[in-house]
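Data block below; observations after.
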Amino acid sequence: MDHMDKQHPQILLTASEMGEADKAAVQAGVPAMELMAAAGKAVADAVLERWSRCRVLVLCGPGNNGGDGFVVAQFLLSAGWPVRLAFWGSVETLSAEAAYFYQAWQGEIEAFATDLLDQTDLVIDAMFGAGLTRSLEGKPRDMVDAIIKRKMPVCAIDVPSGVDGTTGAAFGLVAPAELTVTFFRKKPGHLLFPGRGLCGKLVVADIGIPAPVLDELNLHTWENSPELWYREYPWPRLDGHKFHRGHAVVFGGENMTGASRLTARAAMRMGAGLVTLAVPIKVWAIYATAMTCVMVTKLEQSQEAEDFEELLLDPRHNAIVVGPGAGLAGFERIRTRKIVLAALATNRPTVLDADGLSAFADDPKILFEAINGPCVMTPHEGEFARLFPDINEEHAGDKLRRARLAAKLSAAVVILKGADTVIASPDGRAIINSNAPADLATGGSGDVLAGFIVGLLAQGFEPFYAAAAAVWMHGEAACEVGAGLIAEDLPDHLPKVLTAFKKQYYTD
Ligand SMILES: NC(=O)C1=CN([C@@H]2O[C@H](COP(=O)(O)OP(=O)(O)OC[C@H]3O[C@@H](n4cnc5c(N)ncnc54)[C@H](OP(=O)(O)O)[C@@H]3O)[C@@H](O)[C@H]2O)[C@@H](O)CC1
Ligand SMILES: [K+]
């Protein structure tokens, strides 16, 4: 855990945490005026780098986001660009720094009017940033509406106005930015949808806030990267043999036999020393003919759960996954529940996915009460809504909080999947993943993820790290494959990912 330290470049700051960092920086002797000047300069530099000289309209709002806008306008004007500036707000309520840069602006200050866009090639959105509390109304809303209709290029300061930097939720209409420049550290809303999709390219600028101010804050959210967990990674030992690398057990059902096969193959690829697929006797032959390095074992008819329990009496079976293709139809639901409960009763690291979660939709409490050991749950949004209906409703639009509360309630690491997967630990820490390409949205990719996780658990990786590492490797493997990806490709491209990862991060 030491490595997920607060000064980490991957740390993410909510609006209030950023405000605290800002205050601490001022207390440490960095004047607020300098922070604003640096912020505005960073935005101007990013604009000068990306765009050629063109007619710019800077839209300044009533808070410090607008203050940054005055600075940008002045820098671009000094660089010889044609700049117009419109302000919406009241001069009396500007902060001291914003008022200073308002006064310092050498051009005219105009009122918000959509016809300003007629003579504009590029909009600088300095309307609202971290202080946004509600949907835009009146003139700012009309402006955003017109920018959207005209499909104007936008550079947003901190966040596109209307995006909540803490949650990524959009308050009403938002003009999508081509470039967003934020300060010091990213915010969760830059990584979580819809915010992420509205930011365009994201630049993080250093504005002179000293990193040690972060040590004083209570921070617990990071962007996923091997930097967070590579030091604890269970590197294979040179003198090791397969028993050092664990033995994962995968339950396979009767109908969707492909799902657990993908899981088992993925667990092997991730480096589990051995993998056993335990399946009902009726379908044993289907599995046995399809698998090679994975062992397939039979569960006798009508006593599958008992046989599964017996299999787990062997303590070498040190990580378990139940869910992919486990089955929910008719009697299968009861069987899946029994298998899950048998797995959890061992208190060994267990991954619950798909049907292994949905089997408890009627009474999730039974599941939560059974979780007393290390457990990773991997719901997609539909499964999450079934297991955590109250949290889901109460905190709609705040994926980070939903995942965190679910982890706390269930005492499991929760991976709330999607394009912006969140990995939450029961202790309150959370990681947002950002490397997943769109190609990953394909049947079976979740089964592979479950296999990657159990493969790491079998090797003794701590569950929160195993979850984060598996999600990251899954994204990397998908990037390796590219367009046309099918789930089978993911385990087979993992060796390239693991090799590159080892080359970059392994130290003796
Ligand atoms: N922290 C730092 O380190 C640094 C921060 N910097 C910059 O400061 C920005 C944060 O500044 P900020 O806190 O003044 O918030 P900001 O978003 O400009 O405006 C809040 C104002 O808008 C109002 N308001 C809110 N929603 C509204 C709505 N829908 N419609 C209408 N009004 C609405 C709200 O009024 P109220 O809600 O109180 O009625 C309040 O008056 C940050 O994003 C970054 O760009 C940099 O200078 C570098 C250092
Ligand atoms: K903005």
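The values are calculated or read from the model by the stated rules, or taken from the named source; none is laboratory data. These figures come from a predicted structure and were not determined experimentally. Ideal geometry is used to build each Cβ from the backbone, glycine not excepted, and the neighbour counts take in all protein chains shown.
On the stretch given as the range 219-262, residues that are touching a residue at least 60 places away in the same chain (Cβ under 8 Å), farther than 30 Å from V279 by Cα and not small (G, A, S) total 15. Here E92 meets the list (1) surrounded by fewer than 24 Cβ atoms within 10 Å (Cβ to Cβ); (2) touching a residue at least 12 places away in the same chain (Cβ under 8 Å) almost entirely, failing just condition (2). Taking the criterion of being surrounded by 24 or more Cβ atoms within 10 Å (Cβ to Cβ) and over 28 Å from M18 (Cα atoms), the only residue of the range 116-150 that qualifies is I147.
Okay, residues lined up against (1) crowded, with 24+ Cβ neighbours inside 10 Å; (2) of a type in the set (G, A, S):
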site: A385; (1), (2): no, yes
site: L409; (1), (2): no, no
site: I415; (1), (2): yes, no
site: D420; (1), (2): no, no
site: N435; (1), (2): no, no
site: G446; (1), (2): yes, yes
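The condition of being in a loop (DSSP other than H, G, I, E, B) and within 12 Å of ligand 1 (Cβ to nearest atom) holds for only one of G131, G107, that being G131.
Taken together, the residues in the range 134-169 that are in contact with a helix residue (DSSP H, G or I) (Cβ under 7 Å, 6 or more places away or on another chain), away from ligand 1 (no atom under 11 Å from the Cβ) and acidic (D, E) amount to 1. Looking at the structure I just gave you, is G323 at positive phi and buried (at least 24 other Cβ atoms within 10 Å of the Cβ)? Yes, satisfied. Considering the conditions (1) at pLDDT below 95; (2) of a type in the set (S, T, Y); (3) more than 9 Å from ligand 1 (Cβ to nearest atom), T114 is excluded by exactly one of them, (1). Among the residues of the range 121-136, is there at least one that is in the same structural domain as Q27 (by the TED database) and more than 16 Å from ligand 2 (Cβ to nearest atom)? Checking the range 121-136: at least one residue is in the same structural domain as Q27 (by the TED database) and more than 16 Å from ligand 2 (Cβ to nearest atom).
Take the conditions (1) without any contact (Cβ under 8 Å) to a residue 60 or more places away in the chain; (2) over 17 Å from G397 (Cα atoms); L179 misses just one of them, which is (1). For A44, the conditions (1) at negative phi; (2) away from ligand 1 (no atom under 15 Å from the Cβ) are fulfilled apart from (2).
Restricting attention to the range 179-191, does a residue exist that is in contact with a strand residue (DSSP E or B) (Cβ under 7 Å, 6 or more places away or on another chain) and in the same structural domain as L449 (by the TED database)? Within the range 179-191, none of the residues are in contact with a strand residue (DSSP E or B) (Cβ under 7 Å, 6 or more places away or on another chain) and in the same structural domain as L449 (by the TED database). In the range 21-61, the residue that is nearest to ligand 2 (Cβ to nearest atom) out of those that are closer than 14 Å to T180 by Cα and acidic (D, E) is D45. For the range 151-193, a residue qualifies if it is surrounded by fewer than 22 Cβ atoms within 10 Å (Cβ to Cβ) and on the phi > 0 side of the Ramachandran plot, and the qualifying residues are K151, G172.
Which of the residues spanning the range 148-176 are in a helix (DSSP H, G or I) and either free of Cβ contacts under 8 Å to residues at least 24 places away in the same chain or within 12 Å of ligand 2 (Cβ to nearest atom) (or both)? Hit for the range 148-176 is K149, nothing else.
Only a single criterion out of (1) within 26 Å of the chain's Cα centre (by Cα); (2) buried (at least 22 other Cβ atoms within 10 Å of the Cβ); (3) assigned to a helix (DSSP H, G or I) is not satisfied by E20, namely (2).
Here is a yes/no grid of residues against (1) touching a residue at least 40 places away in the same chain (Cβ under 8 Å); (2) of a type in the set (K, R); (3) under 19 Å from E108 (Cβ atoms):
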site	(1), (2), (3)
K6	yes, yes, no
A24	yes, no, no
G29	no, no, no
E34	yes, no, no
V47	yes, no, no
R55	yes, yes, yes
G69	yes, no, yes
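Which numbered condition trips up M268, out of (1) within 28 Å of D427 (Cβ to Cβ); (2) within 26 Å of the chain's Cα centre (by Cα); (3) not in a loop (DSSP other than H, G, I, E, B)? The number of the failed condition is (1).
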